[in-house]
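The values are calculated or read from the model by the stated rules, or taken from the named source; none is laboratory data. The structure presented is a predicted model; accordingly, all values stated were derived computationally and were not measured. Neighbour counts are summed over all protein chains in view; Cβ atoms, including those assigned to glycine, are modelled from backbone coordinates with ideal geometry.
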Amino acid sequence: MEKDSVSMYFVRAAVARLTGAERARVLQLAGIPPDLLATPQARVPAGAFAALWLAVARECDDEFFRLDRRRMKAGSFALLCHAAIGVADVDRALKQILRGFSIFLDDVAGEVRLEQGQAVLTIANRIEDPDARRFADETFLVMVHGLVCWLAGRRIPLAQADFAYPRPPHAQEYTVMYCEQIRFDAGESTSIRFDASHLSLPVVQQARNLKQFLRTAPQSVFLKYKNEESWAARVRRRLRGTAAGQEWPVLETVAQEFHVAPTTLRRRLEGEGVSYQSIKDELRRDFAIDWLSNSPLSIAEVAALVGFEDPSAFYRAFRKWTGVAPGAYRASLAD
């Protein structure tokens, strides 16, 4: 079962343009303690962020977080889905989606072109505030890419993502959201690239599937379509299958299961910008956050379940992962 978590950066960005009263209401609806906003390293369960996304859209009647001068009124994303689901292939669906966004938004638009066997989606972004402009680029890309992947019924892997702005503190999230090949300060416009052959993929979703997709869309488009073929994803799947309380396998064991040498697995993970230890720590962090948020287990029990024999070592690790102690994190949820 997925136990993903989302960086506090995205929570803060999602509520940045809300009034104090509005912010309090949407955070309460999503079950996110307001105190965590002051802790940049903190994370929230994926389901909580999905609930926040929907709550902000309802509160503002804007599905684009008040980033654009024109509101993307509630229901606009559903209209995009209805329009795109009736076309034959990804090429036409993507163009239909981009046309829709150009109608709903004034400051942000996308266009797609072919370049040396690749489809290049470029964002034209006229938002002046740099923080809002960055979050608009991030949001636009995950909405468009996530929707296109769902329509095709498979992940469309990105070959490269170029961002017009400097590397942000949360840049490590991008390898999960987009791809491993990422550049910052890459020119005037943000863009993503993928193999042009994917444009001919058929649209396989049908209208009867749409209601369920829209019900889970924030979590689906933001988190679901990861590069499941990467070595990092394969390792995550293997480690996620470790039963609670069991000893986590060492790299050498996983490499043997994958029929590669340990040095090969380590090198391939490094080529994707991650390490075996970082993947293991991210999974332990996300499991711990989920259990602290949604179970009556004691902190010592959670520590043992994620592989810490010494609770004090778990305290130190959790504070390093999130910026707060596990007891303080759980207490903030109850406030």
- Does region 216-225 contain at least one residue that is of a type in the set (Lys, Arg), surrounded by 12 or more Cβ atoms within 10 Å (Cβ to Cβ), assigned to a helix (DSSP H, G or I) and at pLDDT below 80? yes
- Task: Starting from residues that are touching a residue at least 12 places away in the same chain (Cβ under 8 Å) and in contact with a Lys or Arg (Cβ under 7 Å, 6 or more places away or on another chain), keep the ones in region 306-335 and report whichever is nearest to Phe287 (Cα to Cα).
- Result: Val306
- Just a yes or no: is a residue in region 251-262 surrounded by fewer than 16 Cβ atoms within 10 Å (Cβ to Cβ), at pLDDT 85 or above and at positive phi? yes
- Among (1) surrounded by 15 or more Cβ atoms within 10 Å (Cβ to Cβ); (2) in contact with a strand residue (DSSP E or B) (Cβ under 7 Å, 6 or more places away or on another chain), where does Ala124 come up short? (1)
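Table: residues versus (1) of a type in the set (Val, Ile, Thr); (2) crowded, with 20+ Cβ neighbours inside 10 Å.
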| residue | (1), (2) |
| --- | --- |
| Val15 | yes, yes |
| Ala24 | no, no |
| Gln28 | no, no |
| Pro34 | no, no |
| Leu52 | no, yes |
| Arg58 | no, no |
| Arg69 | no, no |
| Ala74 | no, no |
- Message: Anything in region 17-33 that is part of a loop (DSSP other than H, G, I, E, B) and either of a type in the set (Gly, Ala, Ser) or without any contact (Cβ under 8 Å) to a residue 60 or more places away in the chain (or both)? List them, or say none.
- Response: Leu18, Thr19, Gly31, Ile32
- Item | Every residue from region 298-335 that is among the aliphatic types (A, V, I, L, M), in a helix (DSSP H, G or I), modelled with pLDDT under 90 and more than 23 Å from the chain's Cα centre (by Cα) | Ala304, Leu305, Ala328, Ala331, Ala334
- Message: Just to confirm my filter: which helices (runs of 4 or more DSSP H) fall fully inside region 34-145 and include at least 3 residues that are over 27 Å from Arg12 (Cα atoms)?
- Response: 76-84, 90-104
- Filter region 305-321 for residues that are among the hydroxyl-bearing types (Ser, Thr, Tyr) and within 15 Å of Trp291 (Cα to Cα) and give the result. Tyr315
- Message: Within region 280-291, does at least one residue satisfy the condition of being farther than 22 Å from Thr39 by Cα and crowded, with 16+ Cβ neighbours inside 10 Å?
- Response: yes
